[in-house]
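The values are calculated or read from the model by the stated rules, or taken from the named source; none is laboratory data. Every value quoted in this text rests on a predicted model; they were computed, and no experiment measured them. Because the Cβ atoms are built from the backbone with ideal geometry, glycine has one as well, and the counts that use them run over all protein chains shown.
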Amino acid sequence: MLGVRPTPAPAPARGGVQGAARGADQSAPPARVEAPPAVTLGLRAESLRLSLRVLPTVVIVPDGPSYLAAIESWRPSGRFPVLIDDGTRESRHHIALFVAAFKPERVVSWAAQAPGRVDALALRGPELESRLMRAVARAWGAADTAEPLEGLKAVWGSAYTPTGLVVTFPNDTAWTAALAIAAGRGQPLAVVPAPASSRAAAMPLTEALTLDAAVRRAAERTGYTFAGLGDQLDALTLAATAPARVTVQAEDPLQPQMGAPFDPRPGEPLALTDLLGRDLPARAQSRWAWAGQVSGSAARGAYTAMCGLFLTPADAWLFEGYAQGFGNGVYSMAQSHAVLQSAKFPVSGAWVPTDATTATWARTAFDGVHAGLLLVNSSGQATTFDLRPRLGNASDMPVLRRPAAAYVIHSFSAANPHDGSTLAGRLLRRGAYAYVGSVHEPLLAGFVPSHVLVQRMLVGMPLAAATRFDGPRAAPWRVHVQADPLVVMPPPGATAGRAQGPVPLSGAVQLDQSMRDALRQGRIAEGVRLLGLIGRDADAVRYAQALLDQPPPPTPPTPPPAPAAPPAPAPAGPIPADVAAELLGPAMRQGAWPVLLACVEAHSAQRTAAEFPDALDALWHLAWVHRATLTDAQAHALARSYRPGQALRDAEDLASWLRAAGKAPLARAALLNAQPAISSEADRRRLAALLDPSQP
């Protein structure tokens, strides 16, 4: 019926029943052991995901009105990913990542035409809620009614009960995520007032309690039960811009629960997603839903939602940042590795236990990460993580070759997921669709060990539940879930069935044909852009490499530069600047070092840093990988490509590689080229010492 499987009964716990009393009647049927609410929730969500048919087409739209119209054309018998190309390098990078992982048969573009266009950001709160819920109802084939939720209930009948509630704010760009998650997961959607601090770095607890009360009122309006875990609504998605941190003051009406050291001191924060979905500010603070947050631009909200709905991790990447025996070995990544191996869940890359050196990180991360699940143990601050001998920073976070979910055991990394200078913010910008990390110092024991998280997810728990403690340790704390809370990690092969046929969007344009037309007509930059969007990065890189392989035109000989001279200005290359701009993404995702360097040169490092800073990070990652074979021309190009805010760091790295190759004069020139970009007195002194080692 409607492609919806009935909500499954709780599954029996694995391993059977322990400790039957001796002498008990052996002929009696075994006692039924119900699965914990977290496992039941995951089974409910996964049952729905697997029952809804998926059309093998990705639809790319240019704006919010087209996105809304495309989502409401979904049906249980056929839904499809919808992504927004807003013209930014980030949105196009995310689309390319998604397409590569989803592997569609077709990628099409489509735009809604008047009079059906609706600008969601122009609607007031009640109007927005009604319009979005109408779209959700239409996506389930319900007739238009004055009360869309009642229409949905009529369609669902007794075959389906929603797993959770989705909440957004008026005028919030993340409405795109709210709509897709509500429609894709079959959940009611509510619009509640935005807190005054929604754009701030932290939210006062008083505002968080007001938000929580509004969420509970919205849950009450649905008519579904949510008194506690195991009821009907067990998941809560906040699809809105809001701080991840909630600051607690001495006078606030939130009673400490766990005792020192797990009670926040006045002025210290808790995680918003560990406060919402509880009975607050009651003494018990018991949880009624596991919460997650999705935020960002309309394009990023759509990307995050589509990844959670249509993709699941198929392999894992691990990094061990702790010394052997640290934390009594409970948090050792070796345990996660063993659990994954036992489950025959692939681990990608070369995992090196207990060796948190700068070189080990670079060897495992700098050539790009293809895995769908990242597990990292580390320590540090919001923007740095501890390596030896030098701290890593946000720019060192790996470039993702596929969309990924990340679980990062590290203090402060999720203090501000909206800020690209933080570890969470950088990885989300790179294409992570889920990030779990701490908003403050949580203490090591404040995290669920990564191997426990893996075990839980492999038996069906969704991400937001798998990251939380039960029992006495279940009080609000500092671990934040920046994700659709129902992200799952099923065994390999558990995928939704593919439907056949075109998407029900009149006027959709096949992008592969658009690409061919553009290249045939000499619109090379457009053709290369479309190659990236349809998942043909390798073809785009081959085209660029062919340009680079052409013999250069003859030039008159020039004298070699003086030993201490800065690198020469960039010569005109074989790749036109407009084409180079479109090749940055494909070259980055393919790890094509010569092509990426040539494209940054042609587009200019300054413009690349402004438009697509992750490509500049990727350039320096790949430079490390190829440091032993740098040509003089490549060294000159790198010296023209220092990153804003870390020119000295880049120059120091480049100089060390050149000195190791016996090119001391060129190393000195690389350092000199950093001088104009250095502003701090400490960096100037450091540069002077590097240029003249005899000085103290």
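Regarding the range 535-551, can at least one residue be identified that is in contact with an Asp or Glu (Cβ under 9 Å, 6 or more places away or on another chain), of a type in the set (A, V, I, L, M), surrounded by 14 or more Cβ atoms within 10 Å (Cβ to Cβ) and within 30 Å of L583 (Cα to Cα)? For the range 535-551, residues in contact with an Asp or Glu (Cβ under 9 Å, 6 or more places away or on another chain), of a type in the set (A, V, I, L, M), surrounded by 14 or more Cβ atoms within 10 Å (Cβ to Cβ) and within 30 Å of L583 (Cα to Cα): present. Of all residues in the range 352-385, those satisfying the criterion of being farther than 17 Å from H621 by Cβ and over 22 Å from the mean Cα position of the chain (by Cα) are V352, P353, T354, D355, A356. Tell me which residues, restricted to the range 51-60, are within 19 Å of R138 (Cα to Cα) and either at pLDDT 95 or above or not in a loop (DSSP other than H, G, I, E, B) (or both). Matches in the range 51-60: S51, V54, L55, V59.
Every residue, every condition in (1) more than 20 Å from the chain's Cα centre (by Cα); (2) surrounded by fewer than 17 Cβ atoms within 10 Å (Cβ to Cβ), yes or no:
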position	(1), (2)
P204	yes, no
A218	yes, no
T225	yes, yes
L236	no, no
P243	no, no
A271	no, no
A282	yes, yes
Q293	no, no
A298	no, no
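Listed here are the residues, each with its yes/no results for (1) out of contact with any Gly (no Cβ under 9 Å at 6 or more places or on another chain); (2) of a type outside the set (A, V, I, L, M); (3) touching a residue at least 60 places away in the same chain (Cβ under 8 Å).
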site: P586; (1), (2), (3): no, yes, yes
site: V625; (1), (2), (3): no, no, yes
site: L638; (1), (2), (3): yes, no, no
site: G645; (1), (2), (3): yes, yes, no
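When A474, A464, A445 are checked against the criterion of being within 27 Å of R287 (Cβ to Cβ), crowded, with 24+ Cβ neighbours inside 10 Å and aliphatic (A, V, I, L, M), a single residue qualifies: A464. Note on the range 260-284: among residues that are touching a Pro at 6+ places or on another chain (Cβ under 9 Å) and over 27 Å from E220 (Cα atoms), the one that is modelled with the highest pLDDT is P269. Consider the range 168-190 and keep the residues that are of a type in the set (S, T, N, Q) and farther than 22 Å from L311 by Cα. The one that is surrounded by the most Cβ atoms within 10 Å (Cβ to Cβ) is T168.
When restricted to residues that are in contact with a helix residue (DSSP H, G or I) (Cβ under 6 Å, 6 or more places away or on another chain), in a loop (DSSP other than H, G, I, E, B) and over 16 Å from A405 (Cβ atoms), the range 423-456 contains 0. Among the residues of the range 341-348, none qualifies, meaning not one is in contact with a strand residue (DSSP E or B) (Cβ under 7 Å, 6 or more places away or on another chain), within 23 Å of G425 (Cα to Cα) and buried (at least 16 other Cβ atoms within 10 Å of the Cβ). In the condition set (1) surrounded by 12 or more Cβ atoms within 10 Å (Cβ to Cβ); (2) farther than 23 Å from A615 by Cα, D692 is compliant with all but (1). Here R402 fits the description: in contact with a Gly (Cβ under 7 Å, 6 or more places away or on another chain), surrounded by 20 or more Cβ atoms within 10 Å (Cβ to Cβ), charged (D, E, K, R) and not in a helix (DSSP H, G or I). For the range 174-213, the set of residues classified as under 20 Å from A414 (Cβ atoms) and assigned to a loop (DSSP other than H, G, I, E, B) consists of A174, P195, S197, S198, R199, A200, A201, listed by residue number. How about the range 476-491: which of its residues are under 23 Å from A305 (Cβ atoms) and not acidic (D, E)? Those that are under 23 Å from A305 (Cβ atoms) and not acidic (D, E): V479, H480, V481, Q482, A483, P485, L486, V487, V488, M489, P490.
Only one of the numbered conditions (1) at pLDDT below 95; (2) part of a helix (DSSP H, G or I) is not met by R221, and that is (1). Contact map, the range 275-292: first residue more than 14 Å from V166 (Cα to Cα), second residue crowded, with 24+ Cβ neighbours inside 10 Å and of a type in the set (A, V, I, L, M, F, W, C), Cβ cut-off under 7 Å, separation 6 or more or different chains; pairs are L275/A208; L275/V246. Among the helices (runs of 4 or more DSSP H) confined to the range 600-680, there are none with at least 1 residues that are touching a strand residue (DSSP E or B) at 6+ places or on another chain (Cβ under 8 Å) and under 24 Å from R390 (Cα atoms). In the range 367-390, the residue that is farthest from A405 (Cα to Cα) out of those that are in contact with a His (Cβ under 8 Å, 6 or more places away or on another chain) and surrounded by 21 or more Cβ atoms within 10 Å (Cβ to Cβ) is F385.
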